[in-house]
Every structure is written in structure tokens, then in C-alpha cells.
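Presented below is the structure to which this report refers.
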Amino acid sequence: MFDVAKKYVETCQFCQRDKPRTQAPLGLLKPLPIPAGPGQSVSMDFMDTLVTSKSGKRHIFVIIDRFTKYARLVAMPETSRTDYVIKLFKDNWERTIIVIFQTKDQTLGLSLREQLIHIYEDGWYRDPARNPSAKSGKTHGEGPNVMSYVARSLEIARWMTNVGAAEIPCRGGSFKVLFKPWMMGAKLDDMRNQEQASRFRLIALLVPLVAMFTLQIDRPTSPVGKVLKMHPSDKKEDEPSLGNVKIDCESGVRDSYRDWIYVRSKDGADLEIRIAT
């Protein structure tokens, strides 16, 4: 029967001329863009259970993060005001925070950043009452030394944002970790740009060891202006007495620095040092 129908369609002139549309016409709806990280795109829906509980709950408020696929199911009454729904969303989903590692001229690896974040979880998860599943929260790298973290508990997320910052000891000193509420990519970029605009980095090339002290003088009359931070020199293997020095200066140096500066060594000799950006 199938072969007969197929042969009829192939030999029918009307069938050959008729080209039906096999897809629905395109409307105004477009596919949602793929989110780049947790918290950037959240879908919400309401489900009717058709049964009202003794406490008056009948509907399920479904909240899903489209990136992590984490879902939150919240029971709610049959009728609710808009402000009540907004409160439910905030109380049950504001668990994504931004973790910023402020290190000294280095970038921490992704695995190390994840371990440091989970250290804060371990102190909370020892109590089974706080997290019966004993699972870790979700982390995602947002850039160099920046992570987004979806806590498994709203209490943990609120505690981190209330703390605001923490000091982590490390070899040779310590570095600061900042906990901030979730921000969109554009706002995160603005924060980075503001931090970069507050300082200007110069690189002194092939600086002799005898001239290091002069460059490290932190005063307005320094050869490179007001020095905010002097990074350790990058010594060359073939020339151990010379090294490149990274210098963080005030932003005003951006328009006034010179390609060459002259410094006086402790021996009283004038040395010429090249400056790059």
C-alpha cells in the first residue's frame, strides 16, 4: 500500500507542483541567548497541583537557572499578590554571589579558587541540618581571579555578602577575597574598568640592582611620580644583575610619564632607564 501511494505522488502532476510549507511561519519570538554564567538567565513558571493542602498551598512556584539547571520549587497559595511573589523569589533564589581574589600580581588557578570557596562551605556543611544532601555549591570562572558561586543555602550566601571581605594567609603574606552580590557582565566590566582607571602601570626595563632603591622611594618626587605599588623585579637569567620592574602609579602619570628617566644610584652615578607601558 505504501509503495502504491508513493508511486502515485511521484507521478501526479498536481502533487509535484504543490509545495506545502513544512515549518511554521516565523513570528516575533526568538530563541533565548545562551547564558554565560549562573544567575544571568532564570526561568519561572507556576504549576497547579489541583489539590489544596491544609495550609492553603495549591500552586508550585518553579524557579530554574538556565545555566546551572538548578531548580527551586516553592509552594504557594492559589492566589498571591505580586509583591508576595517577588519576596518568594528573593528569599529562595538570591544565592549567587561574585567572589573576587585580590592577589599580588598573579592569577590563581581555577581549581585553587574553587577549593578556597569550598573551604567556606565546609564550615557550614558539617551540620547535616543545614544541608542534608552534603553537596557543594556550583562555581564558575568569570575571568582572572573572579568566580561566581551559587550557594546551596541562602543562609551561606547572605553570610558571605554580609562579611564582604576576608583575608587569606599565603606564602609571603596574605591576599584579600571580596564577596559581592551577583552582578551582570556589564556591571562587572565597569567595576574592573574603574579599578584599572585608578592606577597606571609602568615597566622599568633592565634596571640595575644599584638603582632599585631609588625607584622604590614612595614619594611624589620619585622619578616616576607617586608610586602605589612596586612589584618584585623580573631578573634575567643571562643578566642576573638586571631586571624588569613593574610599577603601579597614580592615574595622572598616564599623560606625564617619559620614555626615559634618569636615576642616581647609591654610588652617586646617574643611570638611564627605559620606561614602557
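Nothing in this text is a laboratory measurement; each read-out follows from the coordinates by a stated rule. Fair warning: this is a prediction, and the values are worked out from it, not measured in the lab. All Cβ positions, glycine included, derive from the backbone under ideal geometry; neighbour counts span all protein chains shown.
Observations, loosely collected:
- Which listed pairs, of LYS69/LYS176; LYS69/LYS90; LYS30/LYS90; LYS138/LYS180; LYS54/LYS87, have C-alpha distances above 20 Å, in listed order: LYS69/LYS176; LYS30/LYS90; LYS54/LYS87
- From least to most packed, judged by other beta carbons within 10 angstrom and beginning with the fewest, ILE117, ILE97, ILE63, ILE34 follow the order ILE34, ILE63, ILE117, ILE97.
- Diffusion constant of segment 31-93 at 10 °C, which comes from Stokes-Einstein with the Kirkwood Cα-pair radius and 1.306 mPa s, µm²/s: 125 µm²/s
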